[in-house]
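Taking it in order: structure first as structure tokens, then the write-up.
No value in this document is a laboratory result; all are computed from the given coordinates. None of the values given here were measured: they were computed from a predicted structure. We place every Cβ from the backbone using ideal geometry, glycine too, and count neighbours over all the protein chains shown.
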Amino acid sequence: MSFVKLSFVAILTTFFAVSAFANTKNDQNSVVGEHSEMNDEKALKHGEEATAHGEGQKKSGKFDPGKMIMDHIADAHDWHLWGEGHNSVSISLPVIVYTKSKGISLFSSSRFEHGHASYEGFELNKEGHIVWKDKANLETIYDISLSKNVVAMLIAVLTLCIIIINMANSYVKNKGKAPKGIHNLIEPLIIFIRDDVGIPSIGKKTDRFMPLLLTVFFFIFINNIFGLIPIFPGGANVTGNIAVTMVLAVIIFLTVNLNGNKNYWKHIFLPDVPVWMYVIIIPIEILGVVLKPFVLMLRLFANITAGHIIILGFFSLIFIFGAMSPAGGLGVSPLSVAFTVFMGLLEMLVAFLQAFVFTLLSAIYIGMAVEENHH
Amino acid sequence: MELVKPAIGLVFWMIVTFSVLLFILKKYAWKPILSSIKEREETIENALSQAERAKEDMARLQGENLALLAEARQERDLMLREARDIKEKIISDAKGMADEEAKKLIMRANDEINKQKFAAMEELKKEVASFSVQIAEKLVSVKLEDNAAQQALIANHLSDLTKNPSAKA
């Protein structure tokens, strides 16, 4: 038992290290890529791609891995299935736009014809954002469309609801009996979250926060897993989207600070240090309050996005070499597939780990906020 | 930076979705699941502790049974010993009494025998005296009838008397 725990911790540590590495890379690249195109940034990120990327740019109109990867991990107004350019097949999703002057406009994204047409005065810019056709119009557009990420998230959430509520019903029906089928898979996760995440971090008050912790865990987990499915209804980069992780982090931030007791606030504003150190300590403590959820947000976002980029990068290799010579593409593909399979398995582990890490850290932060004075 | 700019639409839908998800799962899933898991765990724990207690009870009962058995055996031994003692005592008592009785009987018999002996001797004495008298009478009458013989007898007595006067007296 202790061996399992130990190896678990070891794997965890490795992933923290890897994710930290990925983070710094991201930051460096963001500095470099600020004035250039975003594509360059991704190309720099993966050494193998970097050389091939120039190739892709020279023959414009040919395969551009950076653009392809960015298209895949970014949100979109339609759900691309297969094909390129005019032959591409995609599911058009509803666009919902709110502006002060026009109120709510609701129409299908197919009206934009992949950015070639405008509708009701709106059009898509290069990044796929909805803007005014009339460039002089500076009125703010609130785009609350059911985009690819929203739909993917809804599908995942619906699946989760069906599984979990079904489980709850069978538990109520077969009171006191052993669980069966998929419930056998989920129950250990629930018990794991309760006994190894909640209780060690929060203690006696765990029961109050269990629904939140479980919901956060399963939300992240199922979206991570769905993100690994290559085709509809998966493949969207939901948990690798900063908006999603931001909302999760804000929820944790609010939970922590709204439940913070006297002890928690005393720790921040009246710490047990000499008074003259307050000048240093109090700003650090206040920074820590904000930084904790901020790091939660970044970690999940960076890890999941990095995973998607790496897998897509391996696939890109086939087409990069294929562009040079068909034999090269064929030669590199077994290697590429092997690496992708390996990364896919790794990403399944990461899918669980990141959900676990997010939940664990949330539990620890909550635990720090509700902990009673023990001095 | 496109990637790290949160889109307002996604933020909006995420807040809505997550709140609804949290509400629904909390009400319809986590509460019943967590409570039934807890209930099941308690049931299992109770069953285990009950089994443990039953085992202890069994061991205790077995010990008690053994103790009872040993006690019973001891009691039986005691009873047997007592019975043997009583038997021996009865036998010895009976023997003593019988001896005494026999002695008494023998003594009484001896007394009787002695008494009878004395009585018989008395009788015999009396008988002998009467016989002597009768013989004497007969002798006397016979001699008186037969003169000649009487004469001879008297002569005999007389001769004895003369020879030994002291013996005649």
Spin-label zone in region A:84-119 - amide nitrogen under 19 Å from a point set 7 Å from the Cα of residue A:136 along the C-beta vector:
A:101-102
Efficiency of FRET between residue A:82 and residue A:364 - r from beta-carbon atoms, R0 45 angstrom, step 0.05:
0.55
With a Förster distance of 51 angstrom and the Cβ-Cβ distance between residue B:87 and residue B:115, calculated FRET efficiency to the nearest 0.05 equals 0.75
Could you give me the ³J(HN,Hα) list for region A:327-334, computed from phi with Karplus coefficients 6.51, -1.76, 1.60 and θ = phi - 60°, whole Hz, x at Gly and Pro?
5, x, x, 5, x, 7, 4, x
Separation in nanometres of the label points that stand 7 Å from Cα toward Cβ, at residue A:107 and residue A:265
5.2
For A:142-149, mean number of other protein chain Cβ atoms within 10 Å:
4
For region A:343-355, Karplus-derived ³J(HN,Hα) couplings (6.51, -1.76, 1.60; θ = phi - 60°; whole Hz; x for glycine and proline) come out as 5, x, 5, 4, 5, 5, 5, 5, 4, 6, 4, 5, 4
Report the trypsin sites (Lys or Arg not before Pro) located in region A:90-128 that are in a DSSP loop and have at most 13 other Cβ atoms inside 10 Å of their Cβ, or state none.
A:100, A:102, A:126
Cα-Cα pairs in chain B separated by more than 24 Å, as a whole percent of all pairs, come to 81
Residue A:90's amide H: which non-local residues (gap 5+, or another chain) put their own amide H closer than 5 Å, with H modeled 1.01 Å from N in plane and none for Pro or chain starts?
A:81
Express the C-alpha Rg of region A:88-146 as a ratio against the empirical globular expectation 2.2 N^0.38 Å, rounded to two decimals.
1.06
For residue A:111, what charge total do you get from the other residues with a beta carbon under 13 Å from its beta carbon, if Lys and Arg give +1 and Asp and Glu give -1?
-3
Taking neighbour Cβ counts within 10 Å as the exposure measure, how do B:132, A:362, A:108 sort from fewest upward?
B:132, A:108, A:362
Using a Förster distance of 22 Å, how high is the FRET efficiency between residue A:277 and residue A:257, based on the Cβ-Cβ distance and rounded to 0.05?
0.40
Find the Rg to Rh ratio for region A:211-267, where Rh is the Kirkwood radius over alpha-carbon pairs and Rg uses the same atoms.
1.17
Kirkwood hydrodynamic radius, region A:200-316, all distinct C-alpha pairs: what's the number in Å?
16.7
Can you compute the label reach from residue B:100? Point 7 Å from Cα along the Cβ direction, backbone N cut-off under 18 Å, restricted to region B:78-93.
B:89-93
Per the Kirkwood treatment, what hydrodynamic radius in Å, one decimal, follows for the protein assembly as shown from the mean inverse distance over all distinct Cα pairs?
32.7
If each part is reduced to its alpha-carbon centroid, region B:94-108 and region A:195-226 end up apart, in Å, by 107
So how far, in whole Å, is the C-alpha centre of region A:228-276 from the one of region B:10-33?
17
Which entries of A:173/B:27; A:204/A:292; A:204/B:31; A:148/B:26 show an alpha-carbon separation above 21 angstrom in the structure shown?
A:204/A:292; A:148/B:26
Three-way shape call for region A:148-370 based on the alpha-carbon gyration tensor, with the a/c threshold at 1.5:
oblate
